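Since every read-out is calculated from the coordinates, none of them should be taken as a lab result. All values derive from a computational prediction rather than experimental measurement.
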Amino acid sequence: MQGLKPIVSTESPALIFGTTTKLASDLPATDSFLGKNKVPDLQKLFQKADGLPVHLKRGVPDKLLYRTTMALTIGGTIYCLIALYMASQPRNQK
């Protein structure tokens, strides 16, 4: 019979390293995750219609991070413009 033949070998390749990997289904339930699932709480927080943009919804830490990012961006832009201005001026030769 001539039909189609599989291009990829169906046999598993030999191990390169001596360790084997564990599948998620092989792990016991106690080892998977011991923390609380925070996703539903965060979904409620981010979907609340309070007029705030999503990047500021978590309060003071988000405001601090946002303002720090803006300050560094503006400061970096000013620094680059000053460096460009200084590079464009000819040097004084004495």
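Straight-line cross-link partners of K48 among the lysines, defined as a Cα under 24 Å from its Cα and at least 8 positions apart when in the same chain: K36, K38, K57, K63.
In terms of its C-alpha gyration tensor, segment 53-93 has a prolate overall shape, because the principal axis ratio a/c (a ≥ b ≥ c, square roots of the eigenvalues) is not below 1.5 and a/b outweighs b/c.
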